[in-house]
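The values are calculated or read from the model by the stated rules, or taken from the named source; none is laboratory data. Source: prediction; values computed, not measured. Positions of Cβ are generated from backbone atoms using ideal geometry, with glycine treated the same way; all protein chains shown enter the neighbour counts. The protein model used for the area step is the full one, side chains on, heavy atoms only, and it has no ligands, DNA or RNA in it. Shrake-Rupley method; radii C 1.70, N 1.55, O 1.52, S 1.80 Å.
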Amino acid sequence: MFSKTHILYTLFVLSIFSCQQQDNTKESPTATKQADELTKYWFHLDKKQAKTSEGHYEWTFEIERPMKYDIQLLFEDSIATSYTATMTYQEQKQSQKLTQKYTTQLNAQSPNVAQFKKPITIATVGAHSISITTDAPFAEVRLVPNHKSYFGSGKYTQAWEEMHTSKAKQEALAWFNQAKFGMFIHWGLYSQAGGVWKGVKMEDSPYGGPSVAEWLMFKFKISREEYKKLAQTFDPDPSFAKVIARLAKEAGMKYVVITSKHHDGFALFDSKCSDYDMVDATPYHADALKELYDACLAEGLDFGVYYSHGNDWAHGSDGNYANIKKRNDSLGIYTHVNGKNTWDSSPNTHQEYIDNKAMPQVRELLTLLPQLKLIWFDGTGFLNEKQAFEFYKMVYDINPSVLLNRRVGADFGDYMDFGDNVIPSKQSKGAKQWETCGTTNNSWGYKSYDHHWKSTKELLFWFIDIASKGGNYLLNIGPEGSGKVPEKSAEGLKEIGQWLAINGEAIYGSSAWDVFHEGIEETTIAGTGHREKKGFTKKFSQEEFWFTKKENNLYAISLMPSSQEIFIKSWHQGIGQVKDIKILGHEQNIQWKQTDKGLSITLKKAIANDNGFVVKAVF
Ligand code: GLC
């Protein structure tokens, strides 16, 4: 039987020992509201209801919301750590010793829980089977949405949809698709340190956390007082704004998004509700953000700001960590620290920070930058649905044309992303427009010792692969504290600009065609760390093409020089009669023939350009 420590637990989990998604309406009235929202998508797989044979258990269950789930084994009593468990879900198999590390009783009220290291991804609605092989005396298996999966209650959906589908937002989204290519800029106090603190590189810090350079304060647990001193020397060369705006223009980018305030809490603009900003706290004494805005508009570029609303290591308290942890502990689920300041949190509450700094600063930005196109929120972490909605609505009420990204929280973004430096597979395409942000090396902020620059060809591959699936590419630079842009990244950007000067027609304003790519297998990249560890190993081929479409035209993009013969399989007669073929920026009146096998082109002269060419088909 369950011990008395489980009594509270059973209040939360009425459908324990059944094999169905929890029905909260039947829960005991003493179960808290929070638990309702939190446990709505949990599954409890009863050991007794499994198909069993000798230590092997299998269940089939219906999934309503595809997402990432953590898989847990629950025990009645604390368990010996000598057991091993193997979990199999489709190809995603994991074996694990139920060591101390993964087996915890978070507090006296929570069940004993052993959790598999990696969550599983359940990608489709419908029936799924999972199996566990173990000798361990578990009572049930629990599937808990991974902390990165979030679904709203539906309470705000209608109000949100009205704003999101408004004329102003839809026009802004049309602009966004036309733009396709933007510059991301990570620049702030951390840029002066270049990823090194007191002679120690980020990777060698005794503490955990990401090693991207803008996480300096977190990675070394630097106190608020000490970190603040970096402001005393932040004095860029005033030419930075014009130089960067020019570079974005030369790169063929159409919009610029800069970190107006990153997780460290320091604002690049003149804020009235905090002295921790460029004008009040640095020897520069001028509004660097406004300078860049003016320089960008002068170049004909559009402007957006990144704003970390969830994380603020200077004034954001512990980002609500302790409260969330307390709740999660009682349910036996882990709480990821989620980038919150737990080493030297500010004494105010997180809500006070939202009310007195984050909301007012976003309002200031909307006033300071009347032609602002988008706000790129970040650090969501433990913001709740109501807070996320309030940010969305506040921005809308002031300037309904400003787009917000997914990370504003809940499901309220006007557009999506699939993660930093992620090239999603064609299948993961969602209903909303989307953007991938990417780095030129493996860090966002300037990192003096990261020379792992992406070649121009690699950058073009990212860009074209993303564009062929309908996305935007927001490519980052991390200037030094002086404002200087690392040469290697500037070079790559300029070369993309040269490519776009000839081939931009296939990109700006384009959308995905039925076939996104042909020739060799699809390459997907799963994030900043993935690319850093694995490097870029893709081989290019002359048979390989990416496709985009615009009006009556299709475009086939190659990233290789061509011989005199070009063959595009996907452009066979079955897709319609091609009326004309052109190669952007190259010889005209070329010979071509469309058959049921594809479209063949014969050129008078091969194309020597290493970065390839674009074929345009007019229908
Ligand atoms: C992550 C990082 C942050 C960076 C952002 C860029 O959220 O925490 O440092 O600014 O990604 O997408």
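Quick test for you: out of SER448, SER482, SER443, pick the one residue that is in a loop (DSSP other than H, G, I, E, B), open to solvent by less than 10 Å² (accessible area, probe 1.4 Å) and among the polar types (S, T, N, Q). First the steps, then the outcome.
On the way: SER448 fails: open to solvent by less than 10 Å² (accessible area, probe 1.4 Å); SER482 fails: open to solvent by less than 10 Å² (accessible area, probe 1.4 Å).
On inspection, the qualifying residue turns out to be SER443.
Could you pull out the residue among ASN328, ASN323, ASN338, ASN348 that is farther than 30 Å from LYS249 by Cα, within 16 Å of the ligand (Cβ to nearest atom) and of a type in the set (S, T, N, Q)?
ASN338
Which residues, taken from segment 425-441, are farther than 25 Å from SER482 by Cα and within 15 Å of the ligand (Cβ to nearest atom)?
Of everything in segment 425-441, those that are farther than 25 Å from SER482 by Cα and within 15 Å of the ligand (Cβ to nearest atom) turn out to be TRP434, GLU435, THR436.
Give segment 282-331 a look and list any residue that's of a type in the set (A, V, I, L, M), at pLDDT 95 or above, open to solvent by less than 40 Å² (accessible area, probe 1.4 Å) and in a helix (DSSP H, G or I), or say none.
Of everything in segment 282-331, those that are of a type in the set (A, V, I, L, M), at pLDDT 95 or above, open to solvent by less than 40 Å² (accessible area, probe 1.4 Å) and in a helix (DSSP H, G or I) turn out to be ALA288, LEU289, LEU292, ALA295.
Pairs please, first residue from segment 460-478 and touching a residue at least 12 places away in the same chain (Cβ under 8 Å) and in a loop (DSSP other than H, G, I, E, B), second anywhere and open to solvent by 10 Å² or more (accessible area, probe 1.4 Å) and away from the ligand (no atom under 14 Å from the Cβ), Cβ atoms under 6 Å, 6+ apart in sequence or on different chains.
LYS469/LYS426; LYS469/ALA512; LYS469/PHE516; GLY470/SER511; GLY470/ALA512
State whether the residues of segment 237-258 include one that is within 18 Å of SER346 (Cβ to Cβ), away from the ligand (no atom under 16 Å from the Cβ) and in contact (Cβ under 8 Å) with a residue 12 or more places away in the chain.
If we filter segment 237-258 for residues that are within 18 Å of SER346 (Cβ to Cβ), which is where we start, we get none.
The answer is no, given that none of the residues of segment 237-258 is within 18 Å of SER346 (Cβ to Cβ), away from the ligand (no atom under 16 Å from the Cβ) and in contact (Cβ under 8 Å) with a residue 12 or more places away in the chain.
Among the basic types (Lys, Arg), in the same structural domain as GLY598 (by TED's automatic domain parsing) and modelled with pLDDT of 95 or more - does that describe any residue in segment 549-562?
yes
Just to be sure I understand, how many residues within segment 367-381 are closer than 29 Å to LYS148 by Cβ and out of contact with any Asp or Glu (no Cβ under 7 Å at 6 or more places or on another chain)?
9
Output the number of the condition that TRP444 fails; it satisfies all remaining conditions of (1) within 16 Å of the ligand (Cβ to nearest atom); (2) at pLDDT below 95.
Every condition holds for TRP444 apart from (2).
Can you name the residue in segment 381-416 that is surrounded by fewer than 21 Cβ atoms within 10 Å (Cβ to Cβ) and in a loop (DSSP other than H, G, I, E, B) and, of all such residues, is farthest from the ligand (Cβ to nearest atom)?
Selected residue: PRO400.
What tally of residues in segment 455-501 results from selecting those that are within 16 Å of the ligand (Cβ to nearest atom), farther than 21 Å from SER239 by Cα and not small (Gly, Ala, Ser)?
Count: 6.
Yes or no, residue by residue, for (1) part of a strand (DSSP E or B); (2) open to solvent by 30 Å² or more (accessible area, probe 1.4 Å):
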position: LEU500; (1), (2): no, no
position: GLY509; (1), (2): no, no
position: TRP513; (1), (2): no, no
position: ILE520; (1), (2): no, yes
position: ARG531; (1), (2): no, no
position: LYS539; (1), (2): no, yes
position: THR548; (1), (2): yes, no
position: MET560; (1), (2): no, yes
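Keeping to segment 45-56, report how many residues are at pLDDT 90 or above and not in a helix (DSSP H, G or I).
8
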